Amino acid sequence: MADHRMTAVVIVRSARAGDDEAIDDLIVRAFGRHDEAQLVAQLRRDGDAAISLVAVADEAVIGHVLLSPMSAPFRALGLAPLSVAPENQRRGVGAALIDAAIIQARHGGWSAIFVLGDPVYYGRFGFRTDLAAGFLSPYAGPHFMMLPLEDLLPATTGRIAYAAAFGSLG
Ligand SMILES: CC(C)(COP(=O)(O)OP(=O)(O)OC[C@H]1O[C@@H](n2cnc3c(N)ncnc32)[C@H](O)[C@@H]1OP(=O)(O)O)[C@@H](O)C(=O)NCCC(=O)NCCS
């Protein structure tokens, strides 16, 4: 018998208040622990969820990305966490979320996005370790990257810090 299943259409949109529980469940499943979901809950409570996007398929939340304001010499966001449901990974959902987040950050007038992650994964979106290397932060190192959103940033060095909620992440 023919298989009539269709690949679900994936929509990326801004998260709404009613999505909170589904997002938290998804993050726990993606990371296999509660730390990142607790981080997102704290960022929400602190009013630091500057950009929060969900990927939705068949009305289910299958992906999420959050960006929060950083303290930096220019208007910078920190991208974290990024979560895709285990059964939906490696299908471009993470990439769709990052692409949409970058567009929103540009529209919001942000100057740069920092991220801690795999340079091979984030490199394809333009994030660069060399551009983050001049900035002092507890996350500095070979996995710390920056994506500039303007041609000439006013600083290439300086002290930067993630939003307060990251201080309680183990
Ligand atoms: C990392 C993650 C967000 C990627 O989302 P995704 O939707 O699977 O990614 P995409 O489909 O856009 O990209 C897939 C590509 O990313 C790379 N990739 C995916 N997961 C990876 C991983 N864990 N490590 C390194 N590279 C990975 C691969 O190159 C893959 O391409 P391939 O399938 O051709 O080999 C997802 O795997 C996830 O939620 N992981 C658990 C949580 C996590 O670690 N989050 C990231 C840190 S904040």
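What follows draws every value from the coordinates through simple rules; no lab data is involved. Values in this document were obtained by computation on a predicted structure and should not be read as measured data. Don't worry about glycine lacking a Cβ; one is built from the backbone with ideal geometry, like all the others, and counts go over all protein chains shown.
Just a few scattered comments:
- Between the listed residues Ser111, Ile23, Leu43, the Cα displaced farthest toward the positive end of the dipole of the chain, a dipole computed from Cβ unit charges relative to the Cα centre, is found at Ser111.
- Helix 93-107 vs. the chain, principal-axis angle (Cα, 0 to 90°, nearest 10): 50
- Counting only Cβ charges, +1 for Lys and Arg and -1 for Asp and Glu, the dipole size of segment 84-151 around its Cα centre is about 160 debye.
- Angle in degrees between helix 35-45 and the longest Cα principal axis of the chain, rounded to the nearest 10: 70
- Neighbour count of at most 12 Cβ within 10 Å plus DSSP loop: longest trypsin sites (Lys or Arg not before Pro)-free window in the chain: 34-89
- Amide proton proximity set for Ile113, modelled H, under 5 Å, gap of 5+: Leu77, Leu147, Leu149
- The 3J(HN,Hα) values that the Karplus relation (6.51, -1.76, 1.60; θ = phi - 60°) gives for segment 49-64 are, in residue order, 7, 5, 10, 9, 10, 10, 9, 10, 9, 6, 6, 9, 6, 10, x, 7 Hz. Gly and Pro appear as x.
- Cβ charges +1 (Lys, Arg) and -1 (Asp, Glu), total dipole of the chain, debye: 340
- Rounded to 10°, Cα long-axis angle of helix 20-31 versus longest principal axis of the chain: 80
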